[in-house]
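Before any comments, here is the structure.
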Amino acid sequence: MAAKEAKGAGERAGGEAPRRRSRLPIYAVLAVVLLLNGLIVGKVFFTGKAGAASKKGPEQPKVGEIVALEELIVNLSGEGDHYLKARLSIGLKEGAKAEKVEEEMAPIRDTVLSALTSKEIGEISSVRGREMLKEEIVAELNEELEGRPVVKVYFTDFTTQ
């Protein structure tokens, strides 16, 4: 038995070295994983969110004149006594005249009041909720006004209770 062990040790020591597995496939897989991770992180970092570049719609017109509305105080929808005090401005597309829009102030205020009073406090207490409210107001104002002049809504004061 000792002779066999000596013979096995001698073959390893003197003759043929034990075969080592190549680490190349492991390094290749690791490199691919790191590369994909870097691409995903880069896309999210530079576009703001995953897939934003591919989801771009038609380019929005630039904001021209801005028309400020008077302060609005409304009762919010839902149970309980919740109030909203808001002041907002509407950004008109380039070329739209503020004078023409100011002539339509009664329908504009009515549309904004309707949009605000239809919301519950939970719907507008988050940043995302307020952004959705802005989009809704823009859409409703453009339905009301001729020529779809409203591009953006800005809240300059927004207080809930």
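The values are calculated or read from the model by the stated rules, or taken from the named source; none is laboratory data. The structure presented is a predicted model; accordingly, all values stated were derived computationally and were not measured. Quick reminder, even Gly has a Cβ in these numbers, built from the backbone with ideal geometry, and neighbours come from all protein chains shown.
Conditions tested, residue by residue: (1) within 28 Å of the chain's Cα centre (by Cα); (2) closer than 13 Å to F158 by Cβ.
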residue	(1), (2)
N75	no, no
K97	no, no
E102	no, no
I108	yes, no
K119	yes, yes
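When the residues of the range 73-93 are filtered to those that are surrounded by 12 or more Cβ atoms within 10 Å (Cβ to Cβ) and charged (D, E, K, R), the one that is farthest from V138 (Cα to Cα) is K85. Of the set (1) at pLDDT 90 or above; (2) touching a helix residue (DSSP H, G or I) at 6+ places or on another chain (Cβ under 7 Å); (3) exposed (fewer than 10 other Cβ atoms within 10 Å of the Cβ), all apply to E70 but (2).
When the criteria are applied in full, M132 meets the requirement of being of a type in the set (A, V, I, L, M), surrounded by 13 or more Cβ atoms within 10 Å (Cβ to Cβ) and without any contact (Cβ under 8 Å) to a residue 40 or more places away in the chain.
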